[in-house]
């Protein structure tokens, strides 16, 4: 699963039949701390997320399988709304103060 922040909605006048009744949202992938990572993407919203909310999402076949009709072209699906993230330093990739990951910084 991946973290993201919902940044907007996507309005379509026509959708594939398996997406009828499903909302599409624009989201910005983030790290666990909410720092933007990479490019925006569109995801099928399965949890009624709103712009500004932090969410977690799945990609690829897992996204298609999250919909009632698994035979669909979804590449990303929002499957949860994030309330809080609590993780030890090693799990989030934080670098302890006074160290770096730059060239020669390990």
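Bear in mind that the values in this text are calculations on the coordinates, not laboratory data. What you are looking at is a predicted structure, and each value in this text was computed from that prediction instead of being measured. Glycine gets a Cβ as well: all are built from the backbone with ideal geometry, and neighbour counts include every protein chain shown.
Mark the label point 7 Å from the Cα of residue 84 along Cα→Cβ and return the residues of the range 29-47 whose backbone N is within less than 15 Å of it. No residue passes the distance filter.
The length gained on full extension between residue 50 and residue 26, counted as 0.36 nm times the residue separation minus their Cα-Cα distance, comes to 7.6 nm. Rounded to whole Å, the principal axis extents of the Cα atoms in the range 2-92 read 44, 23, 22, largest first. Packing-based ranking of 27-36, 10-19, 73-82 yields 73-82, 27-36, 10-19, ordered from highest to lowest mean Cβ neighbour count within 10 Å.
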